[in-house]
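Readers should treat all values here as calculations from the given coordinates under stated rules, not as data from a laboratory. Bear in mind that the values here come from a model prediction, so they are computed numbers and not experimental data. Glycine also receives a Cβ, built like all others from the backbone with ideal geometry; neighbour counts cover every protein chain displayed.
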Amino acid sequence: MWVAGAGLSAGARPAASPTRVTVTISNSRIVFAPSYAPTGTLALTVLNRTTGARDFGVGARRTAAIAAGRSARLTVTLPAKGERTFSSVAAGGVRRLTGALYLFEPCAHPATTTVDVSMGNSAGGLVLSQTRVPCGTVTFAVTDVDATGASLLVSSAVPPQSAVTNQLDPGGTATLTLRFAAKAVVDCDAVEDDTDGDSVVVGYASLTLF
């Protein structure tokens, strides 16, 4: 049975914590770290690394002028996914800089899943035991059926991440665990090195996270 915490009415859930993002303003650009963030409330720490005072913000939500070498904080709530453009203007309204932060819809109900992966010629290059799983933590249990020197490369675009196993010989196994923070399509590639040492894709499958 769920028990309400102090200060919460029964059945209520605590509000999600803001996502912290560091913003660095240089003389030529605005950089976000991380450059991808979930929709919702963002707590921005803004560092002015230019030689003059600058403000920062998105739409009507802006800081006051931040002196050179100083910092400020700005909290904004952005509910829609996609690219949002922030701007910074120097004192006097000149030398406007812009920078983009990409917002993704976070995984609302993360789960833990294992996907079996078979690599090799007799496996059709690459075969997944499941092609649709919930977003969250996914462990890829890899078996090299009959390929020589094959690796599994897993990548997703939103937010961007990738990982690869060691090279496997026939009968070799490996595991790869990644946490996917959003609904997305994950690319799964079986790769081998050619005679020049370049990676060549010899099998492909996609995994849909819902």
Stretch residue 141-residue 196 to full length: gain in nm at 0.36 nm per residue minus the Cα-Cα span?
16.9 nm
May I ask you to compute the full-extension gain from residue 53 to residue 130, defined as 0.36 nm times their residue separation minus their alpha-carbon distance, rounded to one decimal in nm?
22.3 nm
Whole Å is fine, so just give me how far the alpha carbon centre of the range 82-107 lies from that of the range 27-78.
8 Å
Rounded to the nearest 0.05, what FRET efficiency do residue 111 and residue 28 have when you use their Cβ-Cβ distance and R0 = 45 Å?
0.55
Can you compute the charge dipole magnitude of the chain about its Cα centre, using +1 on each Lys and Arg Cβ and -1 on each Asp and Glu Cβ, nothing else charged? Give it in debye, rounded to the nearest 20.
2160 debye
In nanometres, the difference between 0.36 nm per residue of separation and the alpha-carbon distance of residue 177 and residue 41 is 46.1 nm
Order the peptides 59-65, 36-42 from the highest to the lowest mean number of other Cβ atoms within 10 Å of their residues.
36-42, 59-65
Among [x] 42, 25, 12; [y] 23, 20, 18; [z] 40, 23, 11, the entry derived from the coordinates for semi-axes √(5λ) of the Cα gyration tensor in Å
[x]
By the Cα gyration tensor axes a ≥ b ≥ c (a/c under 1.5 gives rounded; else a/b larger than b/c gives prolate, otherwise oblate), the shape of the range 155-207 is prolate
If you take every DSSP beta bridge fully contained in the range 37-142, what fraction is antiparallel? Give it as a percent rounded to 5.
75 percent
